[in-house]
Structure formats: C-alpha cells, structure tokens
Amino acid sequence: MCSNNNMASQCLTYEGCNFLRQRLVLSTLSGKRVKIRNIRYKDDNPGLRDFEASFIRLMDKITNGTRIEINQTGTALFYQPGLLYGGTVEHDCNPQRSIGYYLEALLALAPFMKNPIRAVLRGVTNDQKDPSVDTLKATAVPLMKKFGLDGEGLELKIVKRGMPPGGGGEVLFTCPVRRCIKPVQLTDPGKIKRIRGMAYSVRVSPQIANRIVDSARSILNKFIPDIYIYTDHMKGASSGKSPGFGLSLVAETTNGTFLSAEMASNPQGQGDPVLPEELGKTCAKLLLEEIYRGGCVDSINQSLVLLYMTLGQQDVSKALLGPLSPYTIEFLRHIRDFFQIMFKIETQKQEEEQKGGEKVLMTCVGAGYSNLSKPLK
Amino acid sequence: AAEAFLRQQRTTPNLRKLVYGTVAAKEIKDEEEEEEELGGLFRVSRPETSKKRQADGLDCSRYPPDGIHNWDQEEMLESIRDCFVTGKWEAEKDAS
C-alpha cells in the first residue's frame with residue numbers, strides 16, 4: 001500500500017495483487033506508469049494467477065503500444081499504458097473468474113477509446129464471486145446512459161450462458177465513444193416502483209427456475225405487487241459446459257435508479273448442493289439489504305459512477321451512495337493518486353422517514369478529461 | 001437545524017479522514033510489524049497478517065454484507081417501507 005506519488009517519474013508503486021484492475025484501468029486513463037510489487041510473495045504459489053494474466057492480456061488487446069513487464073516469478077508487474085484503441089476484440093476469459101471481472105474494467109474504459117469497442121468475451125457468465133453479466137446489464141448499462149452514453153451503440157448481450165467451473169458462455173459488449181462525459185446530479189433515488197429479475201438454469205431441470213421465482217416472490221410481495229422474474233433456461237450449445245442455476249434481482253425506482261442482488265448455485269463438485277427455494281429466499285433478502293443501504297447507485301457500481309464523475313467535464317457532479325464498500329474506498333484513494341482529485345464526502349441521515357441506513361453524498365469537480373484520440377467526423 | 005448542521009460537521013471530516021487518511025496510519029503499523037529471526041538465518045513469515053490479507057485479497061467489487069440484518073423481523077421490513085412507491089410520500093411529491 002505504499003504510494004510513491006512522485007510527479008517527476010510519473011510512476012506509481014503499489015504492493016499486492018488486490019485492486020489490480022482499478023490500478024491498471026486508472027493507469028491507462030491517466031497515462032501514468034504503474035509498478036506493482038510483492039504479488040502473493042509469501043504464498044505457496046507466488047505471483048500472478050492465470051485469471052490476472054488473462055486480464056492483462058485483455059488490457060493489451062484493447063490498447064496500442066502498452067508495455068508490460070513481469071518478472072520471472074510473477075511477483076512484480078510493470079505496466080506502461082498505451083493508447084486506448086478499442087475496436088473489435090475477442091477474448092477468452094479465464095474461467096477462474098467470471099466475465100464480470102473483466103467486463104467491469106471494460107465498462108470503465110469503453111467511453112474513452114479511439115474506436116467504439118465491440119468485445120466478444122467468452123468464459124463464465126455467472127458465478128458466486130463477481131457481479132454477473134445479468135446484473136451488470138441491468139444496473140451498469142442504465143447508469144452509463146445517465147452520463148450521456150446512449151443510442152444503439154450501447155449493448156450488453158448474453159449469447160451463451162456458462163457456469164463455473166467449465167464456463168463456455170459468451171457475451172457481446174458494444175459501447176459508443178464520447179469526447180467528454182456529462183456531469184450528473186444523482187441526489188434523489190426516488191421510490192422503488194418495480195422489481196425485475198432473471199432466474200436462470202442451465203443443464204439442470206427447467207423447473208428449478210420456477211421454484212426460485214416462487215420463493216423470491218414470497219418475500220418481495222410484502223412490499224410491492226409489481227414483480228416479474230423472468231425464467232431463462234438455455235439449452236444445447238448455448239448452455240455452456242457446467243450445470244448450475246441462480247437468480248439476479250433488480251429493483252427499479254421512479255427516478256431510474258437500479259439496485260441489485262444476486263446469487264448463484266455452488267459450482268459443480270464444490271460445496272453442498274443448494275436448494276432453489278433457499279437460494280431464492282436468500283437472494284430476496286440480499287435485495288432488501290441492498291435497498292436498506294440504498295443510494296442512487298448500486299453498491300457494485302459505486303466505483304464506476306465515481307470514475308465517470310472524476311473524468312467528467314469541469315463541472316460539479318453529485319451522487320448519493322449507500323455505505324461505501326471497501327473496494328470503493330480503495331478506489332477513491334487510487335483516484336487521488338492518479339488524478340489528484342478528492343471527493344467531498346458528507347453523510348446524510350434520514351430522519352423520521354423509514355428509508356434504511358445512512359447515505360453518503362459524494363461531490364467532486366470533474367477533471368475535464370477529454371478523449372483526444374476519438375476521431376473527428 | 002443548527003444542531004443537525006453541527007452534527008454533520010462532526011461526522012463529515014471523520015469519513016473523509018477514513019477514506020483519505022488511513023493510508024499513512026497503515027504504513028506506520030506495517031513498519032512496527034517486525035519479522036522475527038531464527039538463528040539469524042531464517043525468518044519467520046506470518047502469512048495471515050491483516051495487512052497482507054488486504055494487499056493480496058480478492059479483487060472484487062461485490063460488497064458482501066458483513067452481518068446481514070434479520071429480514072424475517074417485522075421491524076426490519078418496516079425500516080425500508082418508504083423506499084417503495086407503496087410507502088409514505090413526502091408532502092411536496094405526489095404519486096402521479
């Protein structure tokens with residue numbers, strides 16, 4: 001965690017493998033070099049893992065002129081960012097992590113590319129660790145629209161579903177490029193008007209998805225009648241290589257805020273089998289927890305919204321968030337390291353109203369970042 | 001209102017310090033953590049220190065609730081009632 005903020009060398013040094021993605025993303029956007037040392041150096045199996053190597057390769061594919069040096073044991077990484085090129089990219093994501101892991105970085109970088117990105121990512125679409133593609137599609141995409149990224153160019157499509165450990169899923173992501181990002185004022189989340197969801201099952205009985213839906217509805221119906229949970233049972237080639245099922249829930253408010261929760265079954269051969277009823281109930285409770293945290297942005301997208309706010313036009317942006325996640329707190333520190341921007345952080349207490357926990361109002365002035373590599377037309 | 005303002009003044013710097021200030025504090029703690037030496041040749045490495053867990057932790061944006069509230073209780077359900085359109089509305093707004 002040692003941040004050597006030396007302006008002359010423009011090289012930031014960090015330790016450990018955690019937050020690798022945000023470091024490389026911010027490095028690419030700011031043009032500052034990054035050195036990461038002591039990656040799992042005390043581990044029995046030291047150095048970068050396969051999924052991290054796969055992520056670094058993806059970064060290499062979407063950029064031009066990036067220099068990457070890794071030492072022999074893989075415990076040290078030097079990254080000199082190149083130009084964000086974009087264009088058509090195909091990538092086989094390592095199935096140790098789901099596509100969400102790779103996609104989150106692409107979402108952050110996509111608007112700042114030279115050419116609009118059209119990425120085909122193959123691997124695991126839903127797992128227990130990372131935000132699934134379903135959830136990102138339901139929450140991150142509408143969020144990006146608020147920053148002026150809209151039109152037909154913005155699309156996230158699940159072509160094939162793949163569960164761990166085998167994977168075999170496929171996702172298509174396209175995003176337009178922008179010269180600059182609009183500032184936002186996300187201060188009023190509004191009220192939840194509907195709940196939507198996606199219960200998916202692959203290579204198991206299609207009845208399982210229905211059982212998930214019934215159990216999740218039994219909890220959520222106490223609050224609101226407008227609930228619709230789609231069931232998605234993919235067959236044949238589009239069902240990937242491993243069996244599994246899960247649920248992704250999204251609550252939509254009157255002001256266009258999307259709060260999500262999700263759960264997936266244990267991967268084949270790992271852990272005890274999960275009952276679909278149990279999974280549906282737990283997921284519904286997780287959604288209530290997320291609603292309790294609240295804010296205008298879902299907890300998994302906190303860092304995405306803060307990044308867009310940082311890189312927006314030189315104007316004030318505001319966003320009301322729920323409690324900051326540890327990942328977001330580290331992201332704020334990294335934003336300070338790379339862009340010298342600090343947020344104003346105010347807690348807001350809801351009085352007398354029954355609206356869950358404390359909220360945090362984040363305010364910043366954008367860096368006025370403009371995408372100079374976007375071609376003029 | 002003045003009281004609320006003062007309370008906010010008190011809590012705000014704390015959160016800011018929490019986000020931007022702890023880095024220095026953590027570094028100091030790391031230096032204190034000295035490695036024991038055995039016979040001047042081997043060093044005892046303690047793999048599970050809190051610092052290491054953070055630096056080499058799982059790189060994931062999901063925010064798992066540390067202690068999920070008990071959502072079977074009626075009071076908990078009440079506490080988020082007004083987040084929904086079916087809840088109470090502020091005076092100036094209307095369900096149009």
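The values are calculated or read from the model by the stated rules, or taken from the named source; none is laboratory data. The shown structure was predicted, so the numbers you read here are calculated from the model rather than taken from an experiment. Positions of Cβ are generated from backbone atoms using ideal geometry, with glycine treated the same way; all protein chains shown enter the neighbour counts. Heads up: the accessible areas ignore ligands, DNA and RNA and are worked out on the full protein's heavy atoms, side chains in. Shrake-Rupley method; radii C 1.70, N 1.55, O 1.52, S 1.80 Å.
For the subset of region B:61-83 comprising residues that are closer than 23 Å to A:VAL305 by Cα and within 7 Å of another protein chain (Cβ to nearest Cβ), which member is most open to solvent (accessible area, probe 1.4 Å)? So, considering only residues that are closer than 23 Å to A:VAL305 by Cα and within 7 Å of another protein chain (Cβ to nearest Cβ), the one most open to solvent (accessible area, probe 1.4 Å) is B:ARG62. Considering only residues in region A:203-253 that are in contact (Cβ under 8 Å) with a residue 60 or more places away in the chain and among the acidic types (Asp, Glu), the one that is farthest from A:ASP130 (Cα to Cα) turns out to be A:ASP214. Against the condition touching a Lys or Arg at 6+ places or on another chain (Cβ under 9 Å) and farther than 23 Å from A:VAL141 by Cβ, how does A:LYS241 come out, does it pass? So A:LYS241 passes the test.
Counting only strands (runs of 3 or more DSSP E) that sit wholly inside region A:28-139, those with at least 3 residues that are buried (at least 16 other Cβ atoms within 10 Å of the Cβ) are A:33-37, A:77-80, A:86-92, A:115-123.
Mind checking which residues of region A:355-377 are in a loop (DSSP other than H, G, I, E, B), among the aliphatic types (A, V, I, L, M) and within 23 Å of the chain's Cα centre (by Cα)? Listed by number, the list holds a single entry, A:ALA367.
Just to confirm my filter: which strands (runs of 3 or more DSSP E) fall fully inside region A:166-277 and include at least 3 residues that are among the hydrophobic types (A, V, I, L, M, F, W, C) and within 28 Å of A:GLY322 (Cα to Cα)?
Values: elements: A:169-175, A:192-202, A:227-234, A:244-253, A:258-264.
The qualifying strands (runs of 3 or more DSSP E) are A:192-202, A:244-253, A:258-264.
For (1) more than 14 Å from chain B (Cβ to nearest Cβ); (2) of a type in the set (Asp, Glu); (3) open to solvent by less than 20 Å² (accessible area, probe 1.4 Å), each residue gets a yes or a no:
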position: A:ALA199; (1), (2), (3): yes, no, yes
position: A:ARG203; (1), (2), (3): yes, no, no
position: A:GLN207; (1), (2), (3): yes, no, no
position: A:ASN210; (1), (2), (3): yes, no, no
position: A:ASP232; (1), (2), (3): yes, yes, no
position: A:SER239; (1), (2), (3): yes, no, yes
position: A:GLY244; (1), (2), (3): yes, no, yes
position: A:LEU247; (1), (2), (3): yes, no, yes
position: A:THR254; (1), (2), (3): no, no, no
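Check whether at least one residue in region A:272-286 is closer than 19 Å to A:GLU104 by Cα and either outside the structural domain of A:ARG196 (by the TED database) or without any contact (Cβ under 8 Å) to a residue 60 or more places away in the chain (or both), and report yes or no. It would help to see each step written out before you state the result.
Filtering region A:272-286 for residues closer than 19 Å to A:GLU104 by Cα gives none.
No, because not a single residue in region A:272-286 is closer than 19 Å to A:GLU104 by Cα and either outside the structural domain of A:ARG196 (by the TED database) or without any contact (Cβ under 8 Å) to a residue 60 or more places away in the chain (or both).
Answer with yes or no whether A:SER218 is among the small types (Gly, Ala, Ser), open to solvent by 50 Å² or more (accessible area, probe 1.4 Å) and within 14 Å of chain B (Cβ to nearest Cβ). When the stated conditions are applied, A:SER218 passes them. Take the conditions out of contact with any Cys (no Cβ under 6 Å at 6 or more places or on another chain), open to solvent by 20 Å² or more (accessible area, probe 1.4 Å) and within 14 Å of chain B (Cβ to nearest Cβ) and apply them to A:LYS193. Does it pass? Yes, satisfied.
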